[in-house]
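Asks: Structure provided below as structure tokens; questions to follow.
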Amino acid sequence: MIENTSLNPVSMKWDYELASAFHVFNQYTQRLEESYNQLQNRVKEIDKEMALANARLKEKVQELDSLTKYLNNLLSSIHSGVIAVNLQGEISTLNKAAVAILKLTLSDLMGKKVEEIFKNSDGTISLLLLALKKKKDYIDVERKIVTNQGVEKWIESSASLIKDANENTIGAVEVFRDLSEIRELEKRLRSADKLATIGAMAASIAHEIRNPLNGIEGFSALLLRDFDDLDPRKKLVNNIIHGAKNLNKTITELLVFARPLRMNLKKSRISEILDKTLFFVTEDIKQKGVQNVNIRKEYGCGMDGLTCDPDRLQQAFLNLCLNAIQAMPSGGDLIVSARSCMGKGFEGIQVGIRDTGIGIKKEDIHKIFDPFFTTKQEGTGLGLAMVNKIVDAHRGKISVESQENKGTVFYVHLPIHGHYEIDTFSSTWKNSEYLISQYL
């Protein structure tokens, strides 16, 4: 009993301490639970704030995406070309109009130097780079440029600096429009005035020259009868007659070229027109004894619905074919082709007349459609000018590719339907494309 009585205080002490420990533990547990609940509430609040922030961010992204699409659509809708570059002159923005005007491929342009795409024809610095260099804007500057394909174009440009929110220059943008068509129309107008002057001159002097020529030729023929075959004077008289006939022929060609074309339009098949042309070409070859010329036809279409003057087109194709044969004095191949041709706003055919002859000199290729330009000793220089006049009267287009000592090909593009101006002076021999190419 004495031992049990002595242990009771110790046991009570441990009971008291254990109860205190549990009490403290419960307090900390309650505090931890309260902190955990507070943390959960805070996490929920943060989740709500994050959800709200994400929703706002999503709205901003959608707004930015819509704005980007709007700006891209705006750039795409602008008919003028737009090019933006950074401070290093590297392209950062380019719209469809710029790609079309410069005849480029969009995927190959971003990040390239602007000088790689086009440059001023006189070799001076690009307007964009000039704006960056001088730190100033340039408005409505008209100049001629050369694309990376070697095509020359007249453009009118405005270049401005691009600045950030702190007014620091970060690049430059150029807006330009193609003036080439306007320049071509101005050239055609000048050509029209030139041809009208030629026509007026030809009409006024035709009778003044022709009447004496007819008299010279007639009296020379009478004089020729008075000389026998061995008389040396007979050769001189023959030369007079030959010269008078050549001069008369030149005047006739000039009058035909200067007069307005009277078109007899009808529905025709291009294959029939070309077949008739080649019939006369074959007969001409036989009469002149030309050898080693092979004629090949490559018709890809019949084109029943071609509205044209078949006689005029036959005249044009005959001239081109005879020129091709003359360009092959040692023989060669004459290939006449026809195929359907579809393009932007154009539906028609392409006729190609190709030879494997001597070709056209590089310095002459831009002159071949000019009236009176010829490289032949007895030529008048009106043949190809007349061909171009006929093609232009059909609202068509003629182009040529040539390489010396390898051959030449003329392409004639004709629309199936068109509005034709009848009884008007046609003077667009400059309305042609010229290209030196290696197509053989």
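The values are calculated or read from the model by the stated rules, or taken from the named source; none is laboratory data. This structure is a prediction, so every number in the text was calculated from the model and none was measured. Don't worry about glycine lacking a Cβ; one is built from the backbone with ideal geometry, like all the others, and counts go over all protein chains shown. Protein only, heavy atoms only, side chains kept; ligands, DNA and RNA dropped before computing areas. Shrake-Rupley method; radii C 1.70, N 1.55, O 1.52, S 1.80 Å.
Asks: Select from the range 320-334 the residues that are small (Gly, Ala, Ser) and either assigned to a loop (DSSP other than H, G, I, E, B) or within 30 Å of the chain's Cα centre (by Cα) (or both) and write down the one among them that is farthest from Val391 (Cα to Cα). Full working, then the answer.
Replies: We begin by selecting, within the range 320-334, every residue small (Gly, Ala, Ser); these are 324, 327, 330-332.
Still in the list and also either assigned to a loop (DSSP other than H, G, I, E, B) or within 30 Å of the chain's Cα centre (by Cα) (or both): 324, 327, 330-331.
Details: Ala324: 18, Ala327: 22, Ser330: 30, Gly331: 28 Å.
So, considering only residues that are small (Gly, Ala, Ser) and either assigned to a loop (DSSP other than H, G, I, E, B) or within 30 Å of the chain's Cα centre (by Cα) (or both), the one farthest from Val391 (Cα to Cα) is Ser330.
Asks: Here's another thing I want to ask about it. For the structure I just gave you, tell me whether Asp275 is under 16 Å from Asp311 (Cβ atoms), of a type in the set (Asp, Glu) and without any contact (Cβ under 8 Å) to a residue 40 or more places away in the chain. Before you say what the answer is, go through the steps one by one.
Replies: Values: under 16 Å from Asp311 (Cβ atoms): yes; of a type in the set (Asp, Glu): yes; without any contact (Cβ under 8 Å) to a residue 40 or more places away in the chain: yes.
In short, yes.
Asks: Another question, then. Go through the range 254-319 and tell me which strands (runs of 3 or more DSSP E), entirely inside it, have 1 or more residues that are within 29 Å of the chain's Cα centre (by Cα). Step through it out loud before you land on a result.
Replies: On the way: elements: 266-268, 293-299, 306-308.
The strands (runs of 3 or more DSSP E) meeting that bar are 293-299, 306-308.
Asks: May I ask you to list the residues in the range 273-328 that are charged (D, E, K, R) and surrounded by fewer than 18 Cβ atoms within 10 Å (Cβ to Cβ)?
Replies: Taking the range 273-328 as the starting set, the residues that turn out to be charged (D, E, K, R) are 275-276, 283-284, 286, 288, 296-298, 304, 309, 311-312.
Of everything in the range 273-328, those that are charged (D, E, K, R) and surrounded by fewer than 18 Cβ atoms within 10 Å (Cβ to Cβ) turn out to be Asp275, Lys276, Glu283, Asp284, Lys286, Lys288, Arg296, Lys297, Glu298, Asp304, Asp311.
Asks: Of all residues in the range 248-270 being of a type in the set (A, V, I, L, M, F, W, C) and surrounded by 16 or more Cβ atoms within 10 Å (Cβ to Cβ), which is modelled with the highest pLDDT?
Replies: Filtering the range 248-270 for residues of a type in the set (A, V, I, L, M, F, W, C) gives 251, 254-258, 261, 263, 265, 270.
Narrowing the set further to residues that are surrounded by 16 or more Cβ atoms within 10 Å (Cβ to Cβ) leaves 251, 254, 257-258, 261, 263, 270.
Numbers: Ile251: 77, Leu254: 72, Phe257: 72, Ala258: 70, Leu261: 77, Met263: 85, Ile270: 90.
Checked the range 248-270; the qualifying residue modelled with the highest pLDDT is Ile270.
Asks: Name, by its number, the condition in (1) of a type outside the set (Ser, Thr, Tyr); (2) open to solvent by less than 60 Å² (accessible area, probe 1.4 Å); (3) at pLDDT 85 or above that does not hold for Leu236.
Replies: (2)
Asks: Something else now. So Thr428 ticks every box in (1) at pLDDT below 50; (2) assigned to a loop (DSSP other than H, G, I, E, B); (3) in contact with a strand residue (DSSP E or B) (Cβ under 6 Å, 6 or more places away or on another chain) but one. Which box is left unticked?
Replies: (3)
Asks: Say we look at the range 299-346 and pick out the residues that are modelled with pLDDT of 90 or more and among the acidic types (Asp, Glu); which of these is nearest to Gly407 (Cα to Cα)?
Replies: Per the criteria, the residue is Asp333.
Asks: Taking only pairs six or more apart or across chains, which ones have beta-carbon atoms under 8 Å, a first residue in the range 239-255 that is farther than 29 Å from Ala196 by Cβ, and a second residue that is β-branched (Val, Ile, Thr)?
Replies: From residues that are farther than 29 Å from Ala196 by Cβ, the pairs are Ile240/Ile216.
Asks: Now for a different question. Which of the residues spanning the range 360-371 are in contact with a Ser or Thr (Cβ under 7 Å, 6 or more places away or on another chain) and open to solvent by 20 Å² or more (accessible area, probe 1.4 Å)?
Replies: First, the residues of the range 360-371 that are in contact with a Ser or Thr (Cβ under 7 Å, 6 or more places away or on another chain): 360, 364-365, 369.
Passing the criteria: Ile360, Asp364.
Asks: Something else: Can you find even one residue in the range 101-112 that is charged (D, E, K, R), under 29 Å from Asn168 (Cβ atoms) and in contact (Cβ under 8 Å) with a residue 24 or more places away in the chain? Walk me through how you get there before you give the answer.
Replies: Applying the first criterion (charged (D, E, K, R)) to the range 101-112 yields 103, 108, 112.
Then drop every residue that is not under 29 Å from Asn168 (Cβ atoms), which leaves 112.
Filter once more, keeping what is in contact (Cβ under 8 Å) with a residue 24 or more places away in the chain: none.
No, there is no match, as no residue in the range 101-112 is charged (D, E, K, R), under 29 Å from Asn168 (Cβ atoms) and in contact (Cβ under 8 Å) with a residue 24 or more places away in the chain.
Asks: Just for the range 144-180: of the residues that are among the acidic types (Asp, Glu) and touching a strand residue (DSSP E or B) at 6+ places or on another chain (Cβ under 9 Å), which one is farthest from Val99 (Cα to Cα)? Write out each step before concluding.
Replies: Within the range 144-180, the subset among the acidic types (Asp, Glu) is 152, 156, 164, 167, 174, 178.
Adding the requirement that they be touching a strand residue (DSSP E or B) at 6+ places or on another chain (Cβ under 9 Å) leaves 152, 156, 164, 174, 178.
Working: Glu152: 15, Glu156: 16, Asp164: 27, Glu174: 13, Asp178: 12 Å.
The qualifying residue farthest from Val99 (Cα to Cα) is Asp164.
Asks: How about the range 213-232: which of its residues are of a type outside the set (A, V, I, L, M), part of a helix (DSSP H, G or I) and exposed (fewer than 12 other Cβ atoms within 10 Å of the Cβ)?
Replies: Gly215, Arg225, Pro232
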